[in-house]
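Let me begin by presenting the structure, written as structure tokens, before commenting on it.
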């Protein structure tokens, strides 16, 4: 592995880059280093089952996740590359999850969901809570929050949103915006969820619950140890839907706090 500009693109397990997408990516990367004094003779790229690695012959300064926009710890990635040698044959064992955490699967990150009047109020809550967690009381700060542990918003919760809407999941289905960070590398972080996602979750009714629980419990991000029982996710869906309903009815936004 040479020194190089490197970007990691996690993808849905069933999706593969197309030649057209590859050409566009190569042209984009080459364009980043086409200014005065730059000398890019070749842009090398390879396809793998879960990731695309792009090398443009410059020093790597930052690696980001296209799903959550969080930084990926370079040391974790370099260790993975070293383990797999020149061929990268085993990179497909990495799970397609969000990595704001330096390589830990999403289930290794804590996620709280809360409601607040607006972005400014949500950020102020972080200050009042000394950075969180939001779902733990005892500091005298009133906050309506739930602890969902490893359920991150872009993929895992996003797939629930897709089931409710009856559409295919896409990486940008839930529009997330990073509002606050306690530390750029180690967190915690606070993100806003778009109002459309809030309203979709708030629309969940009792008749939908059994099917949603069964389908959601079979997604890769939750069933990493095997499919869950059909009713195992019922309490979680009820909690999420109730919080979203309270936020919608109060005209408030839905937010996600996460931390390693």
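A count restricted to segment 224-260 and to residues that are farther than 24 Å from residue 177 by Cβ and assigned to a loop (DSSP other than H, G, I, E, B) stands at 10. Only one of the listed residues (234, 178, 173) is at negative phi and modelled with pLDDT of 95 or more. That residue is 234.
When 187, 226 are screened for being in the same structural domain as residue 144 (by TED's automatic domain parsing), on the phi > 0 side of the Ramachandran plot and surrounded by 14 or more Cβ atoms within 10 Å (Cβ to Cβ), only 187 passes. Against the condition touching a helix residue (DSSP H, G or I) at 6+ places or on another chain (Cβ under 6 Å), at pLDDT below 95 and assigned to a loop (DSSP other than H, G, I, E, B), how does residue 221 come out, does it pass? It is true that residue 221 is touching a helix residue (DSSP H, G or I) at 6+ places or on another chain (Cβ under 6 Å), at pLDDT below 95 and assigned to a loop (DSSP other than H, G, I, E, B). Count of segment 127-155 residues, restricted to those that are at pLDDT 85 or above and under 11 Å from residue 256 (Cα atoms), is 8.
The values are calculated or read from the model by the stated rules, or taken from the named source; none is laboratory data. What you are looking at is a predicted structure, and each value in this text was computed from that prediction instead of being measured. Please note: Cβ atoms are built from the backbone with ideal geometry, for glycine as well, and neighbour counts cover all protein chains shown.
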